[in-house]
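Engineer: What follows is a structure written as structure tokens; I'll ask about it next.
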Amino acid sequence: MRPHSHIRDHSRQQLEQRIRRKGAVEHLNFFEQLIPEDREPPKDPKEMRHFEQVAGQLLVAGYEPPAMWFYFTIYHLLKEPLVLETLAKEIRGAFESYSHITPGAAASLPYLTACLKESLRVMPNVLIGMPVVSPGAMVDGTFIPKGVICQSSPFALARSPRNFCEPLRFRPERWLPEEHPLYDTRFANDDRKGFHPFSQGPRMCAGKEVAWWQSRLFIAKVLWTFDLEMVSGQRINMDRDLRGWGMYEKPEDYT
Ligand code: HEM
């Protein structure tokens, strides 16, 4: 929390700059929707504070989770050479050149999608889930009184053998459709429908689609371009060395 006031001030400065540049930006971004060119810039301090919050939220939510998603995916691919090989083959077989790799085209690669889903399952970005306050409602036959705070941890759900076969292993096959040649019946009873790393309902992640497009594009382009291997002598053990404090703290010394 220490740099929080610095982040807030920075968001405010960036927001003011962005409002001044209205209508003259090189690339359109989220603020084109929030403060369109034909709308008066916000003047009311309360409205400005709201936009500051939105800017800060987009900055943090839009940077850290995708960055961690890329990081964990590459880590698991390096730990599972056969998976890496299968994925590289799928990507390199699907595109004629680097410039043909687009988010839309990458979305049609089932093994890529399966690897990314598995990465979010093994290391979900929001570890403990977000709290919601019950309005007083029946859930699955149980009455949850008004005011009770409910929260469920995607991390715990994903690692329970009650929900997934071989829960601690990186097994993208569990997400493949039945008609895929690598579909494996061992994972047929996995609770895939119960896993929501982006949450659900009115407060679910606002960037889910953007995050999927970014991640497919990033991993496809990296594996198209590079042959990846773990630096020799590194003994990374993510389960032992990674720290999660709401956000993740990556292990610094891997050797
Ligand atoms: C790996 C990628 C990501 C994951 C796993 C993820 C996950 C989540 C989760 C679990 C929430 C909480 C939902 C709730 O309260 O029930 C959330 C909220 C949010 N996310 Fe993401 N997110 C990701 C990427 C992004 C990106 C790229 C953006 C923006 C470009 C973004 C923007 C937001 C915003 C604005 C909220 C707050 C929504 C609200 O309270 O109305 N997220 N995200």
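Engineer: Filter the stretch 182-201 down to residues that are at pLDDT below 95 and either within 9 Å of the ligand (Cβ to nearest atom) or open to solvent by 80 Å² or more (accessible area, probe 1.4 Å) (or both), then give me how many there are.
Structural biologist: Within the stretch 182-201, residues that are at pLDDT below 95 and either within 9 Å of the ligand (Cβ to nearest atom) or open to solvent by 80 Å² or more (accessible area, probe 1.4 Å) (or both) number 7.
Engineer: OK, next. Across the stretch 202-241, which residue is nearest to the ligand (Cβ to nearest atom) among those that are in contact (Cβ under 8 Å) with a residue 24 or more places away in the chain and small (Gly, Ala, Ser)?
Structural biologist: The residue in question is GLY207.
Engineer: Determine whether the stretch 158-181 contains at least one residue that is farther than 22 Å from LEU82 by Cα, of a type in the set (A, V, I, L, M) and open to solvent by 70 Å² or more (accessible area, probe 1.4 Å).
Structural biologist: no
Engineer: What number goes with the only condition from (1) open to solvent by less than 70 Å² (accessible area, probe 1.4 Å); (2) of a type in the set (Asp, Glu); (3) under 28 Å from HIS100 (Cα atoms) that GLU209 does not pass?
Structural biologist: (1)
Engineer: Could you count how many residues in the stretch 123-150 are open to solvent by less than 90 Å² (accessible area, probe 1.4 Å) and touching a residue at least 40 places away in the same chain (Cβ under 8 Å)? Outline the logic, then answer.
Structural biologist: Within the stretch 123-150, the first condition is being open to solvent by less than 90 Å² (accessible area, probe 1.4 Å), and the residues that meet it are 123-127, 129, 131-132, 134, 136-137, 139, 141-142, 144-145, 147-148, 150.
Cutting the leftovers down to touching a residue at least 40 places away in the same chain (Cβ under 8 Å) gives us 123-127, 129, 132.
Count: 7.
Engineer: Keeping to the stretch 29-67, report how many residues are assigned to a loop (DSSP other than H, G, I, E, B) and more than 10 Å from the ligand (Cβ to nearest atom).
Structural biologist: Initial filter on the stretch 29-67 (assigned to a loop (DSSP other than H, G, I, E, B)): 29, 35-44.
Subsequent filtering for residues that are more than 10 Å from the ligand (Cβ to nearest atom) retains 35-44.
Residues meeting the conditions: 10.
Engineer: How do the pairs read when you match residues in the stretch 58-75 that are within 23 Å of GLN14 (Cβ to Cβ) with residues anywhere that are hydrophobic (A, V, I, L, M, F, W, C), using Cβ under 7 Å and keeping only pairs 6 or more apart or on different chains?
Structural biologist: Taking only residues 6 or more apart or on different chains, the pairs are LEU58/PHE30; GLU64/MET247; PRO65/ALA211; PRO66/ALA211.
The values are calculated or read from the model by the stated rules, or taken from the named source; none is laboratory data. Given the structure is predicted, the values throughout are model-derived calculations rather than measurements. In this analysis, Cβ positions are derived from the backbone assuming ideal geometry, glycine residues included, and neighbour counts consider all displayed protein chains. The protein model used for the area step is the full one, side chains on, heavy atoms only, and it has no ligands, DNA or RNA in it. Shrake-Rupley method; radii C 1.70, N 1.55, O 1.52, S 1.80 Å.
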